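Student: Below you will find the structure I want to go over with you.
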Amino acid sequence: DAYKNDPERSMALTVNSEKPFNAEPPLSLLADTFLTPNSLFFVRNHLPVPVVDDKMLKTYQLEASVFDKQDTKPKHVKSLTLSDIKRLPKFEMDATMQCAGNRRKEMSQVKEVKGLSWNCGSISTAKWTGARLTDILKAMGFKDEDFNKKYIQFEGLDVDPTGTPYGSSIAMEKALDPNQCIMVAYEMNGLHTSKKLIIKFMILNYYNVLRTSAADHGFPLRLIIPGVVGARNVKWLKKIVLSDEESHSHWQRKDYKCFNPSVDFNTCDFDTAYAVQETPVQSVISEPSASSSVSADDGYVTVRGYAFSGGGRGIARVDLSLDGGETWLNAELDNNGQSPYKSWAWTLWEATVPIPKNKKKLDLVCKAVDSSHNVQPERIEGIWNLRGLLNNSWHRVSVKVEG
Ligand code: MTE
Ligand code: MO
C-alpha cells in the first residue's frame, strides 16, 4: 500500500477520496475565520504523501537547474539547504488556496464531468512564511541569461508508480515579477517548522500532531503562487527548472485545462488548450446551509460566505439576492485590510436582512465583482467543461421559511 505512510487527518474533514487523500472542511465552518486552521485546511493530493523524516530533513536540498529539450543534461545545477533558505529575508503573506475543481459537484449536476466531486470547500486560507522565490534564485547564483527562458518548472517529492513527480510550470515573467509575491513557504499559520512552537508542543507531546498537520500541505517546503489555482502551488517542493518548455507533468499538459461546453473527451485537444493559471472571481454562501430553515418569527436572517478572485484582484462588491436574482442588495465585506490590487486572500462577507413577509422559501443567490469588475456568470451551462474546472457561477442556496 503506497499510502500506508500518509499522515493522520482531522475527523472534521469530509472525505472525497481516501487514496490519494482528498477532503474538504464543512462549509458551515469554512468562513468562520479569516485564516483556516491547518487541521481544517482542504487537502488535495494526487499521490501518496512523501515521507520526510528527521534524517532527510538534515540533508534536504532544494535543487535548481537550466534545462531544455536539446540538452543532454541539466546545466548550471544549484542547490540550497533548508537552513540556507531560512536565512534569506523572511517573507510573510496571507493567501487563499483554491482548487480549480472547487464547486465541481454543481457543474456535474448540469452534465456529467470527470473528477472529484468537490462541494464548495476546496478553498482555504493560511498565513504562509518563507522566502521569496526570486531571493532563492538569486542566492543560488543564477545569472541574467539563465532567466531568458520562457518558463519556470517545479517538481514535488511525491511520485507516481513510474517514479514521475507531481509538477507544474508558470511563465518566467510572472515568476520574476516581485509584485506577484511568489514564495517558498516553510511555515503554515506559524506551525510548519517553527522551532519555538515545536519545543513548546513537544513538551505538550503535540509534536507529531503538528508534524502531521503540515505533512499534507507540503512540509518542509511549499511553493505559493498566490491568486493562481492550487494545482500550480507545488507541495513538498524539491526541484526547480528554468526552461523554454512548460512542465512535462501530466497535470500541466494533460489536465487543468478548460474547453468549450461542446467539447468532449473524443474531440478535446490538450496540446493547444491554455493551461489554467489565475483563478476567476468566485463567491459562495456558507450560511445558512441548503437543507436548513429560517424562522419567520426571528424577522431577520444572516447570510454569510466567502469571495475571492485571482491575480491579486480584490473584491469590490458581493451582491446578495433573496428572490433568486430578481432584486439585489449589498453584503458587508471584510477583506482584513488587503489592498485592492494585492488581495492574495479571500474576503469574508455578511448581510443581515429582514425576511420578506408571506414567503415560504428564500432563494438566496450571491455573486461577487472583483477590482477589475469581472463578475460571476449566472449559469453553469456556458462555462461547463469536461473536467468540471473553474465553476464560478452564481451560488444558490434555497432555505425554507418556518412559522
Ligand atoms: N503538489 C504536489 N507535490 N502534489 C499534489 O498532488 N496538488 C495540487 C497542489 N500542489 C498537489 C500539489 C493541487 S491540485 C491543489 S488544489 C493544491 O496543491 C492543494 O493544496 P492543499 O492540499 O495544501 O490544500
Ligand atoms: Mo487542485
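The values are calculated or read from the model by the stated rules, or taken from the named source; none is laboratory data. Since the structure is predicted, the reported quantities are computational estimates derived from the model, not experimental observations. Heads up, the Cβs are rebuilt from the backbone with ideal geometry, glycines too, and the neighbour counts pull from every protein chain shown.
So that you can scan it fast, the table gives a plain yes or no per residue for (1) aromatic (Phe, Trp, Tyr); (2) surrounded by fewer than 18 Cβ atoms within 10 Å (Cβ to Cβ); (3) under 22 Å from residue 164 (Cα atoms):
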{"residue": "14", "(1), (2), (3)": "no, yes, no"}
{"residue": "35", "(1), (2), (3)": "no, yes, no"}
{"residue": "49", "(1), (2), (3)": "no, no, yes"}
{"residue": "52", "(1), (2), (3)": "no, no, yes"}
{"residue": "78", "(1), (2), (3)": "no, no, yes"}
{"residue": "103", "(1), (2), (3)": "no, no, no"}
{"residue": "114", "(1), (2), (3)": "no, yes, no"}
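Student: So which of 136, 123 ends up being modelled with pLDDT of 95 or more, farther than 17 Å from residue 186 by Cα and crowded, with 22+ Cβ neighbours inside 10 Å?
Tutor: Numbers: 136 fails: farther than 17 Å from residue 186 by Cα.
Just a single option satisfies the conditions, and that option is 123.
Student: Say whether the condition of being outside any strand (DSSP E or B), small (Gly, Ala, Ser) and either out of contact with any His (no Cβ under 9 Å at 6 or more places or on another chain) or closer than 17 Å to residue 185 by Cβ (or both) is met by at least one residue in the range 61-82. Spell out how you get there, then give the answer.
Tutor: First, the residues of the range 61-82 that are outside any strand (DSSP E or B): 67-74, 82.
Now restrict to residues that are small (Gly, Ala, Ser): none.
Checking the range 61-82: not a single residue is outside any strand (DSSP E or B), small (Gly, Ala, Ser) and either out of contact with any His (no Cβ under 9 Å at 6 or more places or on another chain) or closer than 17 Å to residue 185 by Cβ (or both).
Student: Looking at 400, 342, which is the one that is among the charged types (D, E, K, R) and either in a strand (DSSP E or B) or farther than 21 Å from residue 96 by Cα (or both)?
Tutor: Working: 342 fails: either in a strand (DSSP E or B) or farther than 21 Å from residue 96 by Cα (or both).
One residue alone meets the criteria, 400.
Every residue, every condition in (1) in contact with a Phe, Trp or Tyr (Cβ under 9 Å, 6 or more places away or on another chain); (2) assigned by TED's automatic domain parsing to the domain that holds residue 313; (3) in a loop (DSSP other than H, G, I, E, B); (4) within 16 Å of ligand 2 (Cβ to nearest atom), yes or no:
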residue: 86; (1), (2), (3), (4): yes, no, no, no
residue: 89; (1), (2), (3), (4): no, no, yes, no
residue: 109; (1), (2), (3), (4): no, no, no, no
residue: 121; (1), (2), (3), (4): yes, no, yes, yes
residue: 126; (1), (2), (3), (4): yes, no, no, yes
residue: 138; (1), (2), (3), (4): no, no, no, no
residue: 145; (1), (2), (3), (4): no, no, no, no
residue: 168; (1), (2), (3), (4): yes, no, no, yes
residue: 175; (1), (2), (3), (4): yes, no, no, no
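Student: Return the total of residues in the range 260-305 being touching a residue at least 60 places away in the same chain (Cβ under 8 Å), farther than 14 Å from residue 389 by Cβ and not in a loop (DSSP other than H, G, I, E, B).
Tutor: Qualifying residue count for the region: 14.
Student: How many of the residues making up the range 37-60 are of a type outside the set (D, E, K, R) and within 16 Å of ligand 2 (Cβ to nearest atom)? Please lay out each step first, then the result.
Tutor: Of the residues in the range 37-60, the ones of a type outside the set (D, E, K, R) are 37-43, 45-52, 56-57, 59-60.
If we keep only those that are within 16 Å of ligand 2 (Cβ to nearest atom) too, we end up with 41-43, 45-47, 49.
Of the residues in the range 37-60, 7 are of a type outside the set (D, E, K, R) and within 16 Å of ligand 2 (Cβ to nearest atom).
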